[in-house]
Structures are given as structure tokens and as C-alpha cells.
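> I'd like to ask you about the structure that follows.
The values are calculated or read from the model by the stated rules, or taken from the named source; none is laboratory data. Keep in mind it's a predicted model, so treat the numbers as computed, not measured. No Cβ is skipped: glycine too gets one built from the backbone with ideal geometry, and neighbour counts run over all protein chains shown. To get the accessible areas, we keep the full protein, side chains included, count just its heavy atoms, and leave off ligands, DNA and RNA. Shrake-Rupley method; radii C 1.70, N 1.55, O 1.52, S 1.80 Å.
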Amino acid sequence: MEELRIEKLITGGFSLARTKDGKVALLDAGYPGEAVLASRKKGKSDFRLMKVEKIITPSNSRRERLCRSFPICGGCDWQTLEYPEQLLWKKKIIAEQFGRVGKIDLDEFDIVASPKEINYRLKMEYVCFQGKNGLSLGLYRRKSKSPVSCQGCVLGLEGFEKVRAFMEGILRRTSVRPYNQANGKGELKHLILRGNGSEIMAILVTKGEHLPDESRLVHEVKNTLGEVTTLVHLMNANDRVVMRGVSRTLFGEGLLEQGLFGKRFEVPPAAFFQNNLQITESIIRHISCELGSSQGDSLLDLYSGIGTFSITIGSQMKNVTSVESNPISVKALKANSNINGMFGADLIMSDTIEYLKSIETHFSTIILDPPRSGVGDDIVLLQKVNPSTIFYVSCDPATLARDVSRLVEAGFKISSIKAFDMFPQTWHVETVVRLEKG
């Protein structure tokens, strides 16, 4: 055991301190200024991973926990830190990543607070496991793939926790077994809930095609959970990705309708859609304001998903090209374009990098919202499009800093940066960088 004083919060949900021998210690808990008692978990040549065993001197910014599963459950990182402090440290993490990874010194920039600190997530993914009382639906432990109960979770939309608990009870009365990845036995991998504030889509994810006691499940969900307007069975043989595979509708429409920025979207079970509705609208409003009069030009929307930016920002553009590789998302993108009257948009199913390698077309504006891993070396292919403006939307400050630095080296300059708190109670943050031709 060693007494440490925490210096700061860093990427990954860790806090940082220094040991008596000068080693950097990455801790699994604690907030800046706190004195803690910590035990050593792992040691490396340049830093140590340590576990906080006791808070000796708490921070003035520490508050009471919001649910009884914290800090064991991995859904939250900073739940006991006052919200203004969460925002402050997210800004510091972004600036640090730009300095350390991208070698870019950022000027002061704003962060937009989430209007809702709790009950903001439009989607929750619960893992199915064998608990002490039978089949259980929970989340993973912090920094672990070991499942744990998440009773009383405050992250999902209001109504999610009731549905999760009732679904747990319903499933326990059937012959459905939790899927065990180690031995391949069992059926149910996850319960996914998606909502729009008035309706909930429940998705049962199984390893194979068989869903035991299906008729009983459908009957009980229909008769006890009026909030659930559609029930879907998703068959996913891939253990590395939760939302993938072929789906079939057990009752309802098999889709969730979502309003966003005055537009209407149909969200399929396994398609990506941003998790915080109000913050997503703030991002769209920000990009729209930044574009100003240039909104009349052409837009290339990369990693377009089901059309979040193509349909909102693109509705005021002369020409829109959307590029997406996921067939389910492309199908939804086409449907959403038609629903919103965008019949002239060019919708392309392709890997983004392969598309960029093949085209010679000019676009005045690019919006890209890639996966957490970012783009990498191929980011420089954006030069081929000869854009006047690029908006890079990212949920990972490190990969964003890496990619932006490469664009700067290629001759673009950062004209604005703004952070958006898409994920309160966690270290995660959404950032939008606007770049222009140098």
C-alpha cells in the first residue's frame, strides 16, 4: 500500500499520481487533489497501474453517487464528481491529447454541457450472464469484461431500468440460458434497449438462430411492458461486436422513429445513431452556423450512417454525397432520405478509404464522423476532394489529434474547435474540429 496524491484526470478514465520513487501511477479511481491509499496491480518500466483502496482526503468536488452500482459497474467513470468539474477535465484531456499526440497547442475553446446529466442515453446494451439469482442483465465491471449487476442505472432514458428489470424477470421464467463465450453454451448474449422518449425497442441478441420459449416471451412482453412497442431478435455469431447480424421482428414495426433537428429518421435495430439527442442537435446547429452562407455548396458526408448529417446539414446544400459501408445503415439512409424529401442525394455503399482512392470529384465541404479508431494515415486522401472546409467529428481525442495533425501537415489549418458533452458521468467527450485550406 502507498499513499498518493492525485494530480489530474487523464484519457481512459484513469487518474494520475506519482509514487515515492517518481513513477507515474495510473489509478482506477480518485479525483484531483485527493490523497488516496493505493495498492499495486501491475508494473511497467515507465508507469504503474494501481487500485485505490481508500480515499484519505476527499476532493471538495466529490459528491454522493447517483446509483447503487457505482463504482463497481463500468457504465460511469466520474459519477461522484460534480458536473462542472467533469466538463473542465474533459477540456483538459482534449488539450493534452492535442499537445501530446498531435503536437498542437490549442487556444481556449468551449465545451457544451449536456442539458441532461442523467437519463440521456438513447441506447443501452446489457450483457446477459448467470448471476446469483439466475439469468441477469447487467453491464461490465470497470476495466473488465466481467459482467456485474447494474440495478438502478441512471444513464439510459427514463423507463429503460424498468424494462431491463422486467425483462430479466420474464427471461428467468423461460428456458433461455445466458450465453457463455468460454464454452459456447447458452443462447442469450445481450438485451439492447433503444428509445425515443415515448417508445422503446427491445432487442434480444442470441449467438445462433434459436430463441427458446419465443412465443411465451412475446406474449409476456406484450402484456406486461406497454412501453416496449417493438421486440426484435438479432442473431449475432460475432463475439467481438454486440450490434451485428440478421434481425427479425417478433412484434411491432421492427424500427424506431426518431425526430432530430426538424427531420424524421427511422432507426433499424443494429444501425448506429448518436446516443444523446440534445447534444447531437447542438453539434448540427454548430456546424450549420459555422458553414453560414456556404451551405449552398456541395457536401461529402463520410461514415454517414443512417444520414444524421446528410439529411440535416445536407438539406440546405445543392449537392450531397453520402458514403457508408454498412448495408443496414445504407438501406436506412435511403429510406430516411426519401422520408425527408432528399431524392437527389447520391448514396454510396463503400468503404470510405476505397471511395476516396477512386474519386476525382470536388466537394466544397466534408463532414466525417469515423469510428473511435479514427482514419489514420489515409486521412490525407481528403486532399483529393479539394475541400474548402472539413468538419471532423470524433469521440476520441487521441485519434482525433493524430488525424488532425496529419491534415495540418498536409496544408489545412484549424479554424475552430468545440467540445460537446455527449456522455456525462464518463470521461468520453465528442469534439468537432473545423479545418480550412491553408
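> Please report how far the C-alpha centroid of the range 124-163 lies from that of the range 242-300, rounded to the nearest whole angstrom.
Cα centroid of the range 124-163 versus Cα centroid of the range 242-300: 26 Å apart.
> Classify the chain: rounded, prolate or oblate, from the alpha-carbon gyration tensor (a ≥ b ≥ c, eigenvalue square roots; a/c under 1.5 rounded; otherwise prolate if a/b is larger than b/c)?
Values: a/c = 1.85, a/b = 1.05, b/c = 1.77.
Oblate.
> Same structure again: In percent, what relative contact order does the range 371-438 have, based on Cα pairs under 8 Å that are 6 or more apart in sequence? It would help to have the intermediate numbers written out before the result.
Values: 109 pairs, mean separation 26.1, N = 68.
Relative contact order here is 38 percent.
> Let me ask something else about it. So what J values fall out for the range 98-109 if you push phi through Karplus, 6.51 cos²θ - 1.76 cosθ + 1.60 with θ = phi - 60°, rounded to Hz, Gly and Pro as x?
With coefficients 6.51, -1.76 and 1.60, one gets 5, x, 7, 8, x, 6, 10, 8, 8, 6, 4, 9 Hz.
> I need the trypsin sites (Lys or Arg not before Pro) found in the range 138-200, filtered to DSSP loop residues with at most 16 other beta carbons within 10 Å of theirs.
Passing both the DSSP loop test and the Cβ count: K143, K145, R173, K185.
> Can you tell me the alpha carbon radius of gyration of the range 61-101 divided by the globular rule-of-thumb value 2.2 N^0.38 Å?
1.39
> Check the straight Cα-Cα distances from K54 and name the lysines below 22 Å, setting aside those fewer than 8 residues away within the same chain.
K8, K20, K23, K41, K42, K143
> Tabulate in residue order the Karplus-calculated ³J(HN,Hα) for the range 251-256, using 6.51 cos²θ - 1.76 cosθ + 1.60 with θ = phi - 60°, rounded to whole Hz; enter x for Gly and Pro.
Listing the rounded values in order: 7, x, 7, x, 9, 10 Hz.
> Something else now. Name the residue from A38, S247, W427 whose Cα lies farthest towards the positive end of the charge dipole of the chain, charges +1 on Cβ of Lys and Arg and -1 on Cβ of Asp and Glu.
Comparing the listed Cα positions along the dipole, A38 ranks first.
> Which whole-number percent is the relative contact order of the range 36-182 (Cα, under 8 Å, 6+ apart)?
On the way: 170 pairs, mean separation 29.8, N = 147.
It comes to 20 percent, rounded to a whole number.
> What is the sum of charges, Lys and Arg at +1 and Asp and Glu at -1, for the other residues whose Cβ falls under 13 Å from the Cβ of K318?
Values: positive: none; negative: D297, D346.
Taking every Cβ under 13 Å from that of K318, the sum is -2.
> Hey, what did the chain get for relative contact order, percent, Cα under 8 Å, at least 6 apart?
12
> So which GluC sites (Glu not before Pro) in the range 297-372 are both in a DSSP loop and have at most 10 other Cβ atoms within 10 Å of their Cβ?
In loop regions of the range 297-372 (DSSP not H, G, I, E or B), the sparsely surrounded GluC sites (Glu not before Pro) are E360.
> In addition: Determine the sum of side-chain charges near F109: Lys and Arg each +1, Asp and Glu each -1, restricted to other residues whose C-beta is under 14 angstrom from that of F109.
Charge balance in the 14 Å sphere: -3.
> What is the percent carbon and sulfur in the accessible area of the chain, measuring with a 1.4 Å probe over the protein chains and ignoring ligands? Present the calculation step by step, with values, prior to reporting the outcome.
Values: 9060 of 18990 Å².
Summing carbon and sulfur atoms, their accessible area is 48 percent of the total for the chain.
> Would you work out if the range 145-294 is rounded, prolate or oblate? Take a ≥ b ≥ c from the square roots of the eigenvalues of the alpha-carbon gyration tensor; rounded if a/c is under 1.5, else prolate when a/b is larger than b/c, oblate otherwise. Could the numbers behind the result be given before it?
Working: a/c = 2.06, a/b = 1.79, b/c = 1.15.
Verdict is prolate for the range 145-294.
> Label the range 280-367 by shape, choosing from rounded, prolate and oblate, from the square roots a ≥ b ≥ c of the eigenvalues of the Cα gyration tensor; if a/c is under 1.5 it is rounded, and otherwise prolate applies when a/b is larger than b/c, oblate when it is not.
Working: a/c = 1.62, a/b = 1.21, b/c = 1.34.
Here the range 280-367 falls in the oblate category.
> Lys/Arg Cβ at +1, Asp/Glu Cβ at -1, dipole of the chain taken about the Cα centre: which of I279, G12, I417 is farthest positive-ward?
It is G12.
> Here's a follow-up. Any lysines with Cα under 17 Å of the K207 Cα? List them, leaving off those in the same chain fewer than 8 positions away.
Partners found: K185, K189.
> Could I ask something else about it? Using just the helices of the chain, give the 222 nm mean residue ellipticity in deg cm²/dmol: DSSP H runs with n ≥ 4 each add -39,500 (n - 2.57), and the total is spread over all residues, rounded to 500.
Result for the chain, helices only: -6500 deg cm²/dmol.
> So with the 1.4 Å probe, I'd like the accessible area per residue for the chain, rounded to whole Å².
43
> Quick one: what Rg and Dmax do you get for the range 177-242 from the alpha carbons, in Å?
When restricted to the Cα atoms of the range 177-242, Rg and Dmax are 12.7, 39 Å.
> Please list W427, W78 in order of solvent-accessible area, largest first, computed with a 1.4 Å probe with all protein chains present.
W427, W78
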